[in-house]
Amino acid sequence: MSIASALSISLIWGGVTSYAYLSSDLTLQEKNRTISTMSAQYQALSSDFSALEVEVERRALQLETRQKFLEEMVGTPAEALPEAATIDQEGDDASSAEAGPNTSENLNPAAQDSTFIERIFGTGTAQAAVHSNIDRRKNLLYRLQDMEMRQRSLATSMRDNAFKELAAIDSVLAPTKLGSTDLIDKLTTNVDAQGGPFVADVTFEPIFNAEDGNIYAELFTGRQRLEMVTMVLDSFPVGKPAEKYYLSSKFGRRKDPLKKTWANHPGLDLAGWPGTAIYTTARGKVVHAGWYGPYGNMVEVDHGNGFKTRYGHLRKIRVAKGDEVTLGQRLGDMGKTGRVTGTHLHYEVWFDGKVRDPMPYMKAANDVLEIQGRHEKTSQQ
(Lines give C-alpha, C1' and ligand atoms only; values in the text may rest on other atoms or scores of the structure.)
Protein backbone atom coordinates (compact mmCIF):
# COMPACT_ATOMS: atom_id res chain seq x y z
CA MET A 1 0.00 0.00 0.00
CA SER A 2 2.86 2.31 0.80
CA ILE A 3 4.49 1.52 -2.51
CA ALA A 4 1.20 1.94 -4.34
CA SER A 5 0.59 5.25 -2.62
CA ALA A 6 4.08 6.45 -3.57
CA LEU A 7 3.57 5.44 -7.19
CA SER A 8 0.22 7.18 -7.30
CA ILE A 9 1.68 10.34 -5.84
CA SER A 10 4.58 10.16 -8.30
CA LEU A 11 2.25 9.69 -11.25
CA ILE A 12 0.02 12.54 -10.12
CA TRP A 13 3.01 14.78 -9.56
CA GLY A 14 4.49 13.86 -12.92
CA GLY A 15 1.19 14.53 -14.64
CA VAL A 16 0.80 17.89 -12.95
CA THR A 17 4.35 18.98 -13.70
CA SER A 18 4.12 17.71 -17.27
CA TYR A 19 0.89 19.60 -17.82
CA ALA A 20 2.38 22.74 -16.28
CA TYR A 21 5.48 22.41 -18.45
CA LEU A 22 3.48 21.81 -21.61
CA SER A 23 1.12 24.70 -20.81
CA SER A 24 4.06 27.00 -20.14
CA ASP A 25 5.71 25.94 -23.38
CA LEU A 26 2.52 26.57 -25.38
CA THR A 27 2.10 29.97 -23.76
CA LEU A 28 5.72 30.82 -24.51
CA GLN A 29 5.31 29.74 -28.11
CA GLU A 30 2.18 31.86 -28.43
CA LYS A 31 4.01 34.86 -26.98
CA ASN A 32 6.93 34.28 -29.32
CA ARG A 33 4.55 34.13 -32.29
CA THR A 34 2.90 37.37 -31.12
CA ILE A 35 6.29 39.02 -30.71
CA SER A 36 7.38 37.82 -34.16
CA THR A 37 4.18 39.13 -35.72
CA MET A 38 4.53 42.48 -33.96
CA SER A 39 8.20 42.66 -34.99
CA ALA A 40 7.31 41.95 -38.62
CA GLN A 41 4.55 44.54 -38.51
CA TYR A 42 6.95 47.04 -36.95
CA GLN A 43 9.58 46.34 -39.59
CA ALA A 44 7.00 46.75 -42.34
CA LEU A 45 5.72 49.95 -40.77
CA SER A 46 9.26 51.27 -40.32
CA SER A 47 10.10 50.42 -43.92
CA ASP A 48 6.88 52.09 -45.07
CA PHE A 49 7.71 55.21 -43.07
CA SER A 50 11.24 55.29 -44.50
CA ALA A 51 9.94 54.98 -48.05
CA LEU A 52 7.36 57.66 -47.35
CA GLU A 53 9.91 60.08 -45.92
CA VAL A 54 12.25 59.50 -48.88
CA GLU A 55 9.38 60.28 -51.26
CA VAL A 56 8.27 63.31 -49.26
CA GLU A 57 11.84 64.60 -49.09
CA ARG A 58 12.22 64.17 -52.86
CA ARG A 59 9.08 66.15 -53.50
CA ALA A 60 9.99 68.74 -50.89
CA LEU A 61 13.39 69.32 -52.54
CA GLN A 62 11.67 69.83 -55.90
CA LEU A 63 9.29 72.32 -54.31
CA GLU A 64 12.23 74.09 -52.71
CA THR A 65 13.90 74.39 -56.13
CA ARG A 66 10.72 75.94 -57.52
CA GLN A 67 10.51 78.24 -54.51
CA LYS A 68 14.03 79.58 -55.13
CA PHE A 69 13.20 80.07 -58.80
CA LEU A 70 10.10 82.09 -57.91
CA GLU A 71 12.08 84.18 -55.41
CA GLU A 72 14.58 85.04 -58.15
CA MET A 73 11.77 85.99 -60.50
CA VAL A 74 10.04 88.19 -57.92
CA GLY A 75 13.34 89.77 -56.94
CA THR A 76 14.05 91.21 -60.41
CA PRO A 77 13.59 95.00 -60.70
CA ALA A 78 11.23 94.68 -63.68
CA GLU A 79 8.74 92.62 -61.69
CA ALA A 80 5.48 94.32 -60.69
CA LEU A 81 2.97 91.81 -59.36
CA PRO A 82 1.10 93.31 -56.41
CA GLU A 83 -1.59 90.66 -56.70
CA ALA A 84 0.97 87.87 -56.44
CA ALA A 85 2.18 89.07 -53.05
CA THR A 86 -1.36 88.88 -51.64
CA ILE A 87 -2.48 85.76 -53.43
CA ASP A 88 -3.08 83.90 -50.14
CA GLN A 89 -3.92 86.82 -47.85
CA GLU A 90 -7.67 86.36 -48.12
CA GLY A 91 -9.81 83.35 -47.37
CA ASP A 92 -7.26 81.44 -45.26
CA ASP A 93 -8.82 79.38 -42.43
CA ALA A 94 -7.15 77.63 -39.52
CA SER A 95 -6.78 74.34 -41.33
CA SER A 96 -5.06 75.92 -44.33
CA ALA A 97 -2.76 77.87 -42.04
CA GLU A 98 -1.72 74.63 -40.36
CA ALA A 99 -1.48 72.77 -43.63
CA GLY A 100 1.13 74.99 -45.25
CA PRO A 101 2.99 78.31 -44.89
CA ASN A 102 1.76 81.43 -46.66
CA THR A 103 3.17 81.98 -50.14
CA SER A 104 3.99 85.64 -49.54
CA GLU A 105 5.99 84.65 -46.47
CA ASN A 106 7.86 82.02 -48.42
CA LEU A 107 8.85 84.58 -51.02
CA ASN A 108 10.56 86.63 -48.32
CA PRO A 109 13.90 84.90 -47.55
CA ALA A 110 14.24 86.86 -44.31
CA ALA A 111 11.06 85.24 -42.98
CA GLN A 112 12.43 81.73 -43.39
CA ASP A 113 13.77 80.71 -39.97
CA SER A 114 13.98 77.03 -40.91
CA THR A 115 14.48 75.05 -44.06
CA PHE A 116 11.56 73.98 -46.21
CA ILE A 117 12.09 70.30 -45.35
CA GLU A 118 12.16 71.07 -41.61
CA ARG A 119 8.82 72.84 -41.98
CA ILE A 120 7.41 69.78 -43.75
CA PHE A 121 8.71 67.10 -41.35
CA GLY A 122 8.74 69.28 -38.24
CA THR A 123 11.36 69.39 -35.51
CA GLY A 124 11.41 67.35 -32.32
CA THR A 125 9.47 64.24 -31.38
CA ALA A 126 6.08 65.87 -30.90
CA GLN A 127 5.61 66.24 -34.63
CA ALA A 128 6.05 62.47 -35.08
CA ALA A 129 3.15 61.67 -32.75
CA VAL A 130 0.62 60.82 -35.43
CA HIS A 131 -2.16 58.29 -35.13
CA SER A 132 -1.20 56.05 -37.99
CA ASN A 133 0.90 55.70 -41.09
CA ILE A 134 -2.14 56.56 -43.23
CA ASP A 135 -2.89 59.73 -41.25
CA ARG A 136 0.70 60.89 -41.51
CA ARG A 137 0.85 60.13 -45.23
CA LYS A 138 -2.30 62.15 -45.82
CA ASN A 139 -1.05 65.01 -43.66
CA LEU A 140 2.37 65.27 -45.32
CA LEU A 141 1.09 64.90 -48.85
CA TYR A 142 -1.65 67.44 -48.21
CA ARG A 143 0.92 69.99 -47.06
CA LEU A 144 3.08 69.33 -50.11
CA GLN A 145 0.12 69.55 -52.46
CA ASP A 146 -1.02 72.77 -50.80
CA MET A 147 2.42 74.31 -51.27
CA GLU A 148 2.58 73.14 -54.89
CA MET A 149 -0.81 74.70 -55.65
CA ARG A 150 0.23 78.01 -54.06
CA GLN A 151 3.47 78.09 -56.02
CA ARG A 152 1.69 77.21 -59.26
CA SER A 153 -0.86 80.00 -58.71
CA LEU A 154 1.93 82.54 -58.26
CA ALA A 155 3.87 81.18 -61.26
CA THR A 156 0.72 81.38 -63.39
CA SER A 157 0.17 85.01 -62.42
CA MET A 158 3.80 85.87 -63.18
CA ARG A 159 3.70 84.05 -66.51
CA ASP A 160 0.50 85.84 -67.55
CA ASN A 161 2.04 89.16 -66.56
CA ALA A 162 5.15 88.50 -68.68
CA PHE A 163 3.14 87.60 -71.76
CA LYS A 164 0.86 90.62 -71.22
CA GLU A 165 3.94 92.84 -71.26
CA LEU A 166 5.15 91.17 -74.44
CA ALA A 167 1.72 91.69 -76.01
CA ALA A 168 1.81 95.35 -74.97
CA ILE A 169 5.24 95.75 -76.58
CA ASP A 170 3.99 94.13 -79.79
CA SER A 171 1.04 96.54 -79.76
CA VAL A 172 3.36 99.54 -79.36
CA LEU A 173 5.61 98.31 -82.17
CA ALA A 174 2.78 97.35 -84.53
CA PRO A 175 2.91 100.64 -86.53
CA THR A 176 6.64 100.03 -87.17
CA LYS A 177 5.78 96.58 -88.57
CA LEU A 178 8.14 95.01 -86.04
CA GLY A 179 7.33 92.44 -83.38
CA SER A 180 9.06 90.96 -80.36
CA THR A 181 10.20 87.99 -82.45
CA ASP A 182 11.90 90.33 -84.96
CA LEU A 183 13.74 92.07 -82.14
CA ILE A 184 14.85 88.83 -80.46
CA ASP A 185 16.18 87.51 -83.77
CA LYS A 186 18.48 90.55 -84.02
CA LEU A 187 19.72 90.49 -80.44
CA THR A 188 23.45 91.10 -80.65
CA THR A 189 25.63 88.52 -78.92
CA ASN A 190 29.40 88.21 -78.91
CA VAL A 191 30.05 84.59 -79.83
CA ASP A 192 33.82 85.04 -80.09
CA ALA A 193 34.54 85.58 -76.40
CA GLN A 194 32.58 83.23 -74.16
CA GLY A 195 33.46 80.82 -71.37
CA GLY A 196 33.04 80.00 -67.69
CA PRO A 197 32.09 76.91 -65.70
CA PHE A 198 29.23 74.70 -66.81
CA VAL A 199 26.16 75.04 -64.60
CA ALA A 200 23.23 72.85 -65.62
CA ASP A 201 19.99 74.68 -66.29
CA VAL A 202 17.16 74.34 -63.79
CA THR A 203 14.64 71.69 -64.75
CA PHE A 204 11.13 71.44 -63.35
CA GLU A 205 10.37 67.75 -63.00
CA PRO A 206 6.77 66.70 -62.28
CA ILE A 207 5.89 66.35 -58.61
CA PHE A 208 2.25 65.28 -58.42
CA ASN A 209 1.28 65.03 -62.08
CA ALA A 210 2.99 65.14 -65.45
CA GLU A 211 1.83 68.70 -66.19
CA ASP A 212 2.59 70.59 -62.97
CA GLY A 213 6.09 71.61 -64.11
CA ASN A 214 5.02 73.11 -67.45
CA ILE A 215 3.96 76.45 -65.99
CA TYR A 216 7.49 77.11 -64.72
CA ALA A 217 9.03 76.42 -68.12
CA GLU A 218 6.48 78.79 -69.66
CA LEU A 219 7.27 81.43 -67.03
CA PHE A 220 10.99 81.10 -67.72
CA THR A 221 10.43 81.39 -71.47
CA GLY A 222 8.17 84.42 -71.09
CA ARG A 223 10.52 86.26 -68.75
CA GLN A 224 13.52 85.41 -70.91
CA ARG A 225 11.80 86.74 -74.04
CA LEU A 226 10.72 89.87 -72.18
CA GLU A 227 14.27 90.48 -70.99
CA MET A 228 15.70 90.00 -74.50
CA VAL A 229 13.11 92.32 -76.07
CA THR A 230 13.85 95.00 -73.48
CA MET A 231 17.57 94.69 -74.22
CA VAL A 232 16.99 95.14 -77.95
CA LEU A 233 14.68 98.12 -77.34
CA ASP A 234 17.66 99.87 -75.75
CA SER A 235 18.82 100.33 -79.36
CA PHE A 236 15.42 101.60 -80.57
CA PRO A 237 15.54 105.23 -81.84
CA VAL A 238 13.56 107.15 -79.21
CA GLY A 239 15.02 110.66 -79.33
CA LYS A 240 14.16 113.70 -81.44
CA PRO A 241 16.67 114.38 -84.22
CA ALA A 242 15.99 118.13 -83.79
CA GLU A 243 14.13 120.31 -81.32
CA LYS A 244 12.38 122.60 -83.84
CA TYR A 245 11.44 121.57 -87.35
CA TYR A 246 8.53 120.98 -89.68
CA LEU A 247 7.93 117.98 -91.90
CA SER A 248 8.69 118.97 -95.48
CA SER A 249 8.63 115.51 -97.10
CA LYS A 250 7.35 112.12 -95.95
CA PHE A 251 8.74 108.63 -96.39
CA GLY A 252 7.84 106.65 -99.51
CA ARG A 253 6.52 107.55 -102.93
CA ARG A 254 6.77 111.21 -103.88
CA LYS A 255 7.62 113.50 -106.81
CA ASP A 256 11.35 114.13 -106.89
CA PRO A 257 11.95 117.81 -106.04
CA LEU A 258 14.55 118.19 -108.81
CA LYS A 259 13.46 115.90 -111.61
CA LYS A 260 9.73 116.30 -110.91
CA THR A 261 9.12 112.60 -111.58
CA TRP A 262 7.80 109.93 -109.22
CA ALA A 263 10.42 108.32 -107.00
CA ASN A 264 10.83 106.66 -103.59
CA HIS A 265 11.99 108.79 -100.68
CA PRO A 266 13.89 106.62 -98.09
CA GLY A 267 13.46 108.95 -95.12
CA LEU A 268 11.88 112.07 -93.64
CA ASP A 269 12.82 115.63 -94.56
CA LEU A 270 12.70 117.83 -91.47
CA ALA A 271 13.11 121.47 -92.40
CA GLY A 272 14.34 124.21 -90.06
CA TRP A 273 16.73 127.12 -89.59
CA PRO A 274 20.34 126.76 -90.81
CA GLY A 275 22.55 125.63 -87.95
CA THR A 276 19.73 123.91 -85.99
CA ALA A 277 21.28 121.31 -83.68
CA ILE A 278 20.92 117.69 -84.84
CA TYR A 279 20.92 114.96 -82.17
CA THR A 280 21.36 111.20 -82.19
CA THR A 281 18.11 109.38 -81.42
CA ALA A 282 19.73 106.49 -79.52
CA ARG A 283 23.10 105.58 -78.13
CA GLY A 284 25.50 103.91 -80.53
CA LYS A 285 28.71 104.13 -82.52
CA VAL A 286 29.41 106.50 -85.41
CA VAL A 287 30.21 104.37 -88.46
CA HIS A 288 30.30 107.22 -91.00
CA ALA A 289 30.95 110.94 -90.61
CA GLY A 290 31.64 112.87 -93.81
CA TRP A 291 30.55 113.39 -97.39
CA TYR A 292 28.23 110.71 -98.79
CA GLY A 293 27.15 111.56 -102.32
CA PRO A 294 23.59 112.99 -102.56
CA TYR A 295 23.36 112.97 -98.75
CA GLY A 296 26.03 115.68 -98.58
CA ASN A 297 27.62 115.75 -95.13
CA MET A 298 26.14 112.71 -93.46
CA VAL A 299 26.48 110.93 -90.12
CA GLU A 300 25.48 107.29 -89.73
CA VAL A 301 25.14 105.75 -86.26
CA ASP A 302 25.00 102.02 -85.57
CA HIS A 303 22.85 101.48 -82.47
CA GLY A 304 23.33 97.72 -82.35
CA ASN A 305 20.75 94.93 -82.47
CA GLY A 306 20.01 95.71 -86.12
CA PHE A 307 19.20 99.44 -85.72
CA LYS A 308 20.94 102.27 -87.59
CA THR A 309 20.07 105.91 -88.28
CA ARG A 310 21.32 108.41 -90.86
CA TYR A 311 21.45 112.22 -90.69
CA GLY A 312 22.03 113.91 -94.05
CA HIS A 313 22.63 117.37 -95.56
CA LEU A 314 24.47 118.66 -92.47
CA ARG A 315 26.17 122.02 -92.62
CA LYS A 316 28.70 120.95 -89.98
CA ILE A 317 29.61 117.55 -88.49
CA ARG A 318 30.57 117.52 -84.80
CA VAL A 319 31.54 113.84 -84.37
CA ALA A 320 34.06 111.52 -85.99
CA LYS A 321 33.93 107.94 -87.23
CA GLY A 322 34.39 105.54 -84.34
CA ASP A 323 32.94 107.86 -81.68
CA GLU A 324 30.61 106.36 -79.08
CA VAL A 325 27.58 108.63 -78.77
CA THR A 326 24.77 108.77 -76.21
CA LEU A 327 21.06 109.44 -76.63
CA GLY A 328 20.55 113.14 -77.41
CA GLN A 329 24.22 113.89 -78.17
CA ARG A 330 24.77 116.58 -80.81
CA LEU A 331 25.98 115.16 -84.11
CA GLY A 332 26.08 118.29 -86.22
CA ASP A 333 24.16 121.28 -87.58
CA MET A 334 21.28 121.40 -90.06
CA GLY A 335 22.32 122.53 -93.54
CA LYS A 336 21.73 122.08 -97.26
CA THR A 337 24.72 120.08 -98.50
CA GLY A 338 24.29 117.40 -101.17
CA ARG A 339 21.28 117.01 -103.42
CA VAL A 340 18.80 119.49 -101.89
CA THR A 341 16.59 122.47 -102.69
CA GLY A 342 16.82 124.06 -99.24
CA THR A 343 17.92 123.72 -95.60
CA HIS A 344 16.65 120.56 -93.91
CA LEU A 345 17.65 117.29 -92.26
CA HIS A 346 17.22 114.03 -94.15
CA TYR A 347 16.56 111.45 -91.41
CA GLU A 348 16.56 107.69 -92.01
CA VAL A 349 15.90 104.67 -89.77
CA TRP A 350 17.26 101.25 -90.69
CA PHE A 351 16.51 97.85 -89.15
CA ASP A 352 17.87 94.50 -90.24
CA GLY A 353 19.53 96.03 -93.28
CA LYS A 354 16.33 97.65 -94.59
CA VAL A 355 15.32 101.29 -94.53
CA ARG A 356 12.10 101.94 -92.59
CA ASP A 357 9.61 104.76 -92.31
CA PRO A 358 10.92 106.88 -89.37
CA MET A 359 7.50 108.35 -88.52
CA PRO A 360 6.07 105.27 -86.70
CA TYR A 361 9.33 105.05 -84.75
CA MET A 362 9.05 108.67 -83.69
CA LYS A 363 5.41 108.17 -82.66
CA ALA A 364 6.26 105.03 -80.65
CA ALA A 365 9.23 106.66 -78.92
CA ASN A 366 7.43 107.73 -75.71
CA ASP A 367 5.82 104.31 -75.25
CA VAL A 368 9.17 102.58 -75.76
CA LEU A 369 10.77 104.88 -73.19
CA GLU A 370 8.05 103.94 -70.70
CA ILE A 371 8.69 100.25 -71.37
CA GLN A 372 12.37 100.88 -70.67
CA GLY A 373 11.55 102.93 -67.56
CA ARG A 374 13.45 105.90 -68.98
CA HIS A 375 10.57 108.23 -69.85
CA GLU A 376 10.71 110.35 -66.70
CA LYS A 377 14.50 110.58 -66.79
CA THR A 378 14.56 111.60 -70.45
CA SER A 379 11.81 114.18 -69.87
CA GLN A 380 13.85 115.75 -67.07
CA GLN A 381 16.88 115.92 -69.30
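A few notes on this one:
- Condition met for residue 229 (buried (at least 18 other Cβ atoms within 10 Å of the Cβ), modelled with pLDDT of 90 or more and assigned to a helix (DSSP H, G or I)): yes
- Test: residue in the range 196-204 that is modelled with pLDDT of 90 or more, touching a Lys or Arg at 6+ places or on another chain (Cβ under 9 Å), closer than 19 Å to residue 162 by Cβ and surrounded by 15 or more Cβ atoms within 10 Å (Cβ to Cβ): no
- Restricting the range 343-381 to residues that are farther than 22 Å from residue 248 by Cβ and hydroxyl-bearing (Ser, Thr, Tyr), the residue that is modelled with the lowest pLDDT: 379
- Which listed residue, of 338, 332, is assigned by TED's automatic domain parsing to the domain that holds residue 250, over 16 Å from residue 307 (Cβ atoms) and crowded, with 19+ Cβ neighbours inside 10 Å: 332
- Number of the exception - residue 281 against (1) in contact (Cβ under 8 Å) with a residue 40 or more places away in the chain; (2) over 45 Å from the mean Cα position of the chain (by Cα): (2)
- Against the numbered list (1) touching a helix residue (DSSP H, G or I) at 6+ places or on another chain (Cβ under 9 Å); (2) within 28 Å of residue 177 (Cα to Cα); (3) buried (at least 17 other Cβ atoms within 10 Å of the Cβ), residue 270 comes up short only at (1).
- Selection count, the range 261-272, where residues are touching a residue at least 40 places away in the same chain (Cβ under 8 Å) and part of a strand (DSSP E or B): 4
- Among the residues examined, residue 321 does not qualify as under 26 Å from residue 259 (Cβ atoms), of a type in the set (Lys, Arg) and surrounded by fewer than 18 Cβ atoms within 10 Å (Cβ to Cβ).
- Of residues in the range 273-297 being part of a strand (DSSP E or B) and in contact with a Leu (Cβ under 7 Å, 6 or more places away or on another chain), the one nearest to residue 366 (Cα to Cα): 279
- Scanning the range 155-180 for residues that are of a type in the set (D, E, K, R) and within 18 Å of the chain's Cα centre (by Cα) turns up 159, 160, 164, 165.
- The strands (runs of 3 or more DSSP E) falling completely within the range 300-381 that include 3 or more residues that are in contact with a His (Cβ under 7 Å, 6 or more places away or on another chain) map to 344-351.
- Residue within the range 172-181 that is under 30 Å from residue 236 (Cβ atoms), among the charged types (D, E, K, R) and either buried (at least 16 other Cβ atoms within 10 Å of the Cβ) or modelled with pLDDT of 85 or more (or both) present: yes
- Comparison of 276, 343 shows that the only residue that is surrounded by 15 or more Cβ atoms within 10 Å (Cβ to Cβ), hydroxyl-bearing (Ser, Thr, Tyr), over 30 Å from residue 185 (Cα atoms) and in contact with a Pro (Cβ under 9 Å, 6 or more places away or on another chain) is 343.
- Residues that are surrounded by 18 or more Cβ atoms within 10 Å (Cβ to Cβ) and free of Cβ contacts under 8 Å to residues at least 60 places away in the same chain, drawn from the range 304-318: 308, 310, 312, 313, 314, 317
The values are calculated or read from the model by the stated rules, or taken from the named source; none is laboratory data. Bear in mind that the values here come from a model prediction, so they are computed numbers and not experimental data. Don't worry about glycine lacking a Cβ; one is built from the backbone with ideal geometry, like all the others, and counts go over all protein chains shown.
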